[in-house]
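> Dropping a structure here in structure tokens format, bear with me for questions.
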Amino acid sequence: MNAGLLFKQMLTNRKALAGMILFGLFVLMALIGPWMVQDPIEFTSIPNQPPSLDNWFGTTGQGQDVFAQTVVGSRATLAIGCASGFLVVILGAVIGGIAGYLGGRTDDFLSLLINIFLVMPGLPLMVVLAAWLPPGPLTILSVLVLTGWAWHARVLRAQTMSLSQRDFVLAAKVTGESSLRIVTAEILPNMLSLMTSSFIGATIYSIGAQVGLEFLGLGDISNVTWGTNLYWASNDSALLLGSWWTFVPTGLCIALLGFGLTLINFGVDEIANPRLATESLWVRKLKGRATVDGSTPVIEGGVR
């Protein structure tokens with residue numbers, strides 16, 4: 001399956017399309033939103049003012065506009081999250097693909113490396129590295145990639161090992177095609193849906209981890225991101241003072257973004273495995289029949 005065909009199928013899948021629209025709105029906000037709002041660090045009003053016509057989302061504990069901080073913060077958060085997801089999948093595909101295709105001692109060594117990173121506790125390692133390295137976007141990105149690639153490498157290695165025994169790959173070997181061409185032209189296109197799901201999952205995880213690290217004050221708190229917005233809201237005791245407007249918009253944006261990416265992931269799964277969509281439709285029909293005639297649907301030998 002090529003990228004164009006996958007994208008066309010995603011447009012016809014309701015879950016994927018809804019998720020793409022929601023994700024696209026956040027991307028649009030991140031790209032053009034900062035040019036349409038005021039300076040997010042400018043002191044514009046009285047601190048801790050609730051939402052009003054002058055300040056749509058209210059003001060922070062320092063008198064800054066929450067709406068501007070929410071819009072501007074989306075750019076850095078999305079950029080780091082998507083970049084981390086992309087790099088994690090690329091690194092996992094390279095290491096996992098080489099290990100799964102070459103096998104032998106190469107597979108043994110790379111599998112050992114993958115397992116070492118999998119055994120390490122991810123969250124404590126992220127906290128330690130983020131606290132030890134100089135604060136900044138590149139530090140957050142490096143920490144997320146370093147602690148997140150191993151799981152994807154393991155999954156892609158297993159898929160590569162499975163595909164390397166298929167007839168079309170064996171035929172390519174017999175015809176004398178190079179290993180590089182076999183991997184890039186035969187194996188990787190057949191893992192496109194899996195890599196897409198891995199990218200979406202890695203992006204969701206990266207955004208959550210980035211926000212968590214910055215909320216703990218381990219990022220550059222002078223930058224405006226969704227994580228630093230929550231950090232300053234906590235620092236200003238917004239919850240104790242009842243200033244819900246300083247953290248609810250950011251939290252809602254994070255939740256909606258994660259929901260949109262999850263919908264895309266569900267859609268890609270249904271495209272890669274049509275049985276998921278078929279079984280879901282079948283269950284809905286059974287539930288509809290039970291509602292109409294009062295009968296109890298029996299699914300896979302059990303009563304539900």
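> Compute the distance in nm between two label points, each set 7 Å from the Cα along the Cα-to-Cβ direction, one at residue 184 and one at residue 128.
In this crude spin-label approximation the distance works out to 3.8 nm.
> Using the Cα centre of region 1-106 as the reference point, and only Cβ charges (+1 on K/R, -1 on D/E), how large is the resulting charge dipole? Debye, rounded to the nearest 20.
Value, rounded to 20: 760 debye.
> Separate question: Taking the chain as a Gaussian network, where each spring joins two C-alpha atoms under 10 Å apart, which residue of 259, 43, 67 fluctuates the most?
Looking only at 259, 43, 67, the biggest GNM fluctuation is shown by 43.
> Could you identify which residue out of 175, 250, 44 has the top mean-square fluctuation in a GNM of the chain using Cα springs shorter than 10 Å?
175
> Sticking with this one: Can you give the Rg to Rh ratio of region 57-98, both from alpha-carbon atoms, with Rh computed by the Kirkwood formula?
1.37
> GNM on the chain, C-alpha springs below 10 Å: top fluctuator among 171, 130, 99?
Between 171, 130, 99, it is 171 that shows the largest mean-square fluctuation.
> Still on this model: I'd like the FRET efficiency for residue 108 and residue 21, computed as 1/(1 + (r/R0)^6) with the beta carbon distance as r and R0 of 45 Å, rounded to 0.05.
0.50
> Taking region 143-265 as the region of interest, what is the percent of Cα-Cα pairs per 10 angstrom bin, listed from the shortest bin to the one with the maximum distance?
P(r) for region 143-265, in whole percents per bin: 12, 29, 23, 16, 12, 7, 2, 0.
> Can you list the HN-Hα couplings for region 137-145, worked out from phi with the Karplus curve (6.51, -1.76, 1.60; θ = phi - 60°), rounded to whole Hz and with x for Gly and Pro?
x, 5, 5, 4, 4, 4, 5, 5, 5
> Give me the base-10 log of I(q)/I(0) for region 1-159 at each q in 0.14, 0.20 Å⁻¹, Debye formula, one uniform scatterer per Cα, rounded to two decimals.
-0.94, -1.19
> What ranking, highest mean first, results for peptides 141-148, 21-28 when packing means the other Cβ atoms within 10 Å averaged over each residue?
141-148, 21-28
Computed from the coordinates by the stated procedures, all read-outs in this text should not be read as laboratory data. Since the model is a prediction, treat every value here as computed from it, not as a measurement. Methodologically, a virtual Cβ is constructed for each residue, glycine included, from the backbone with ideal geometry; neighbour enumeration extends over all protein chains shown.
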